[in-house]
Each structure stands twice: as structure tokens, then as C-alpha cells.
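Below you'll find the structure, written out as C-alpha cells, and then a few comments.
The values are calculated or read from the model by the stated rules, or taken from the named source; none is laboratory data. Everything numeric in this text was worked out from a predicted model, so none of it was measured. Reconstructed Cβ throughout: ideal geometry from the backbone, glycine too, with neighbour counts over all protein chains shown.
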Amino acid sequence: MISRTLAAIALLTASSFSYASPELLAPVEVHNIQLNAVETFTIDGDINDSLQLLVNNSLKNKNSDFYVIDEISEDTVNNTLTIVITLYDQHLSLLSEDWSLS
């Protein structure tokens with residue numbers, strides 16, 4: 001019984017790392033880090049919806065390292081909320097550089 005529980009916890013932990021959502025960055029940080037823009041997309045929702053839930057649900061199936069919320073706008077006449085997000089990946093040269101001391 002305990003071994004099944006430990007196996008389930010190990011599997012859950014391993015799967016959570018492989019499906020990690022992108023990390024939020026402030027727009028200013030994009031200029032300080034070498035990042036590649038991957039995709040820009042728009043999320044439309046009800047004005048009463050949670051901003052965090054809309055963003056988290058939209059990012060579930062996205063495969064990138066970071067995201068930036070570029071714009072948030074509300075239309076009170078139509079009761080809609082619009083969010084513009086840009087996805088970024090780390091520059092490949094940063095990942096492959098040799099940081100060893102000579």
C-alpha cells in the first residue's frame with residue numbers, strides 16, 4: 001500500500017515538471033535577458049472572469065519558458081475582457097554556453 005502511494009507521488013512529481021507552465025516576466029525583463037519571441041495571442045473572456053484563471057487556462061497547452069502580459073483591456077459596453085500575451089523561449093546560445101572557469 002505504501003509503495004503504491006510512493007509510486008503515485010513520484011509519478012505525479014515527474015509529470016508536473018514535464019508539463020510546467022511558462023513563467024511570468026515583467027515586460028522590462030524581456031530587454032535584459034536574451035529571449036526569442038515564440039507567439040503572441042489574445043485571450044477573450046467575460047469581464048467578470050478571473051484574469052489569473054483565464055491566463056492559466058490559456059497557458060496549459062503552451063510550450064515556452066516565459067510569458068509577458070502585453071495588454072489588458074475591458075469593454076464595459078460588451079462586458080468583455082481582452083488580454084494580449086507574448087510567449088518567449090530562452091536563447092539557445094545561453095543554454096549551450098560553457099560557463100566553466102579557465
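The set of residues in segment 13-34 that are closer than 16 Å to residue 59 by Cβ and modelled with pLDDT of 85 or more comprises 22, 23, 24, 25.
Number of residues in segment 23-43 that are over 19 Å from residue 83 (Cβ atoms) and part of a strand (DSSP E or B) equals 2. Only residues that are of a type in the set (Val, Ile, Thr), within 18 Å of residue 27 (Cα to Cα) and in a strand (DSSP E or B) were counted in segment 46-91, giving 8.
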